[in-house]
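Here's the structure, in structure tokens; my notes come after.
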Amino acid sequence: MSVQKEIKKITTNTLLKMKAGGEKISMLTAYDFSFAKIIDGAGIDIILVGDSASNVMAGHETTLPITLDQMIYHAQSVVRGIDRCLVVVDMPFGTYQSNSEIALASAIKIMKETGGHSVKFEGGEEVVDSVKKIVSAGIPVMGHLGLTPQSIYKFGTYTVRAKEEDEAEKLKKDALLLQKAGAFAIVLEKIPAALAKEVSESLTIPTIGIGAGQDCDGQVLVMHDMLGINTEFKPRFLRQYANVNELATAAVQQYIKDVKSKDFPNKEEQY
Ligand code: KIV
């Protein structure tokens, strides 16, 4: 008889209970097997396979170019690295905006081919039909309001959203519509902390903030930013927990030095 590890997996129900019990939810992005293994092993609640992969993995300026197949490749790699956390996969630009049939087909492809547990996409009222359709097919959906990077060419800038009354009112309405449509959580990106608090208190489903203050029900950061791999991006909301860029540069420089000086490999490092 094989001995199986006893692992308590995080589900969308766990997240609802966490909100109800006042326990904050931790979420980070990951895009590959090795980092997913580290992040899941460290005890994270949710891994987001974000379309920020377009920026930090592929080097694009925006999230728009990444394709569904590329997101599926990243998500497959992440799923192979995890035991416990909930995996949310971003639906990339162009795979859900046209209509709810196309959105459902994209979500089904993600679920079938990746083994991920849920999908996320940007928008409020305009995507509510898609949320309903995908949720009725049995696929959990996370919403995303505030700064929605797939609309960068509409906004023209990555500054704080919903500072004005009319945009704040729309966001509050959108959050309630997403909840009513069946979303299990909503990312609130770069909006005033007071607005995020009001929205979080108005919902029974959890909010996950990024640049949205301490009263969201959880927090998310892009892994490359919080680990200091990508050191050029320094918004006010970002706390950098390590300087992996510095560590990796020093290690690579030492390796180059050792190769040039013939110190590496030594007698113990050969056959
Ligand atoms: O793609 C991403 O990394 C995201 C987070 C910023 C929430 O959507």
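The values are calculated or read from the model by the stated rules, or taken from the named source; none is laboratory data. Predicted model, so just to flag it, every value in this text is computed and none were measured. Quick reminder, even Gly has a Cβ in these numbers, built from the backbone with ideal geometry, and neighbours come from all protein chains shown.
Here G182 does not qualify as at pLDDT 95 or above, under 18 Å from the mean Cα position of the chain (by Cα) and away from the ligand (no atom under 16 Å from the Cβ).
Contact annotation: residue pairs with Cβ atoms under 8 Å, 6 or more positions apart or on different chains, pairing a residue in segment 150-177 that is on the phi > 0 side of the Ramachandran plot with a partner that is among the charged types (D, E, K, R), are A162/K170. When segment 215-270 is limited to residues that are part of a helix (DSSP H, G or I) and polar (S, T, N, Q), the one that is nearest to E189 (Cα to Cα) turns out to be N245. Scan segment 215-244 for residues that are within 21 Å of G21 (Cα to Cα) and over 18 Å from the mean Cα position of the chain (by Cα) and the total you get is 1.
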